[in-house]
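Worksheet: one structure, shown below.
The values are calculated or read from the model by the stated rules, or taken from the named source; none is laboratory data. Just so it is clear, the model here is predicted, and its values are computed rather than measured. Ideal geometry is used to build each Cβ from the backbone, glycine not excepted, and the neighbour counts take in all protein chains shown. Accessible surface is based on the protein model in full, side chains and every heavy atom, while ligands, DNA and RNA are left aside. Shrake-Rupley method; radii C 1.70, N 1.55, O 1.52, S 1.80 Å.
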Amino acid sequence: MRFPLLSPSRIRQLWYVPLLALSMGLMMLRILVMARLLDVHAFAEFSGGILISSTFCMIGCLGLQSMLQREWPVNLVRRQELRGLVRAAQCNLIALGCCVIGLLGAAFRILPSGTPSALLGVGLLHGVSQQLFLVATVESRSRGDALRFAIQNLLRAVAAFALSVAAALWTGSAELALAIDALVTIALSLGFFQSALARVRFGSLAVYLLAIRRLRLVRWNSALTMMLIMVIGFGLLNADRWVASDRLDVEGFAHYSLAWIVLSISQSAQAVVNASVYPLLARRFAEHGCRVAFGVCLRVSTAILIVGAVTAVPLYLILDYGIDRWYPRYGDARALIPLFLAIAVLRVSDFWTSFLLIAGLEAQLLKLNICAMAFGLLGWLGLVRVWNVEPMTLHQVSWLAALLTVGAYMMAAEASRRARRG
């Protein structure tokens, strides 16, 4: 008897897990290496540039990236190859346009930021490179070719790690390391998208011209709603980092950034799994409806929540020893590890947002995220008043991340349950 789930092609695809994990591990290792190579001030600059980069990515090509992720798997099921490519080209154009506007703002110092213009410009360049990479790799995920997606990530990780670490080692410059990472990522992203066009024999010029003509046909209300979801979602995941960068001194922000690597790893791990789960949910929703897609989401979320809880204790012991042994300059970060591990377990198991987006409930998700943000901030401000400690400590800032994560997780899970019943 033959079992389809054990066919050679499916077994081959399972290699995506170690390869993608390796690529994510290299990106996280790069941050640890930077903390060792750079002085505390330069590492704070490096962390600030990464924060600017991720902030740029939160606009998600004005929401078109979220639409692309939701629509391209369905386009492929319906044999509508051109639609996905045109949407991806639109995403690239919007991302580049937003970057140009941001770079002009940084050059003329018209953006409301206390960050130096050079670091702001490099952070924006790094952000658009990450955005282009995300768009270019949606095609492989949408086709269910997780192995190719993992290889794409591994190529980017190896090249960025080697060249950016070399730059930091030779020059000690955080800005140069970020710029080299950005240029490598842009080159690879353009190559991956060109390969996607060649795979279906479409010319890039024709696709981009068609993308420009069809921009007026975009459902901008839906796209901007999705952008707002990403903005609020980014706030839920990163508000504590912005508070840390504003309220802590340079040394305190560097310590907080080192501990925050735990949350970066959790989000990367979630991305590893979601690379397959999101397209799977989209296909199940298109083929069988909401109930089946919810069942898949529930099983995956529960399984990863259990695995994360079981592995949290040994991870704490390893991280606590590692900081004490190899990063003695960042000793204050050790106190944040237990709380950050608890937050990480919730974040890595959260697939409810993906389910709500696939189910077309982006407006409801936006309201939920706004409520989670409001209640989390109000609760945290109440705690700050109770603590009444000046200056603000690392531990106080970390509780903002905890309150925002718990609120968002619980609200999204309940909304998904109601959507399944409805």
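Structure notes:
- Scan the range 390-410 for residues that are open to solvent by 50 Å² or more (accessible area, probe 1.4 Å) and either closer than 21 Å to residue 260 by Cα or modelled with pLDDT of 90 or more (or both) and the total you get is 7.
- Hey, residue 183 open to solvent by 30 Å² or more (accessible area, probe 1.4 Å), assigned to a helix (DSSP H, G or I), under 23 Å from residue 119 (Cα atoms) and in contact (Cβ under 8 Å) with a residue 24 or more places away in the chain or not: yes
Conditions tested, residue by residue: (1) part of a helix (DSSP H, G or I); (2) at pLDDT below 90; (3) among the small types (Gly, Ala, Ser); (4) surrounded by fewer than 16 Cβ atoms within 10 Å (Cβ to Cβ).
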| site | (1), (2), (3), (4) |
| --- | --- |
| 264 | yes, yes, yes, no |
| 298 | yes, no, no, no |
| 321 | yes, no, no, yes |
| 334 | yes, no, no, no |
| 337 | yes, no, no, no |
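- Selection from the range 352-362 of residues that are more than 20 Å from the chain's Cα centre (by Cα) and surrounded by 15 or more Cβ atoms within 10 Å (Cβ to Cβ): 359, 361
- Flag if residue 234 is part of a helix (DSSP H, G or I) and touching a Ser or Thr at 6+ places or on another chain (Cβ under 6 Å): no
- Segments classed as helices (runs of 4 or more DSSP H), wholly inside the range 34-141, with at least 2 members that are charged (D, E, K, R) and open to solvent by 20 Å² or more (accessible area, probe 1.4 Å): 64-77, 81-107
For every residue, the table says whether it meets (1) open to solvent by less than 20 Å² (accessible area, probe 1.4 Å); (2) out of contact with any strand residue (DSSP E or B) (no Cβ under 8 Å at 6 or more places or on another chain); (3) farther than 30 Å from residue 417 by Cβ; (4) of a type in the set (A, V, I, L, M, F, W, C).
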{"site": "350", "(1), (2), (3), (4)": "no, yes, no, no"}
{"site": "380", "(1), (2), (3), (4)": "yes, yes, no, yes"}
{"site": "385", "(1), (2), (3), (4)": "no, yes, yes, no"}
{"site": "388", "(1), (2), (3), (4)": "no, yes, yes, no"}
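- From the list 268, 276, the one residue that fits, being modelled with pLDDT under 85, assigned to a helix (DSSP H, G or I), open to solvent by 10 Å² or more (accessible area, probe 1.4 Å) and more than 24 Å from residue 316 (Cα to Cα), is 276.
- With respect to the conditions (1) modelled with pLDDT of 90 or more; (2) in contact with a Ser or Thr (Cβ under 8 Å, 6 or more places away or on another chain); (3) surrounded by 14 or more Cβ atoms within 10 Å (Cβ to Cβ), residue 149 lacks only one, and its number is (1).
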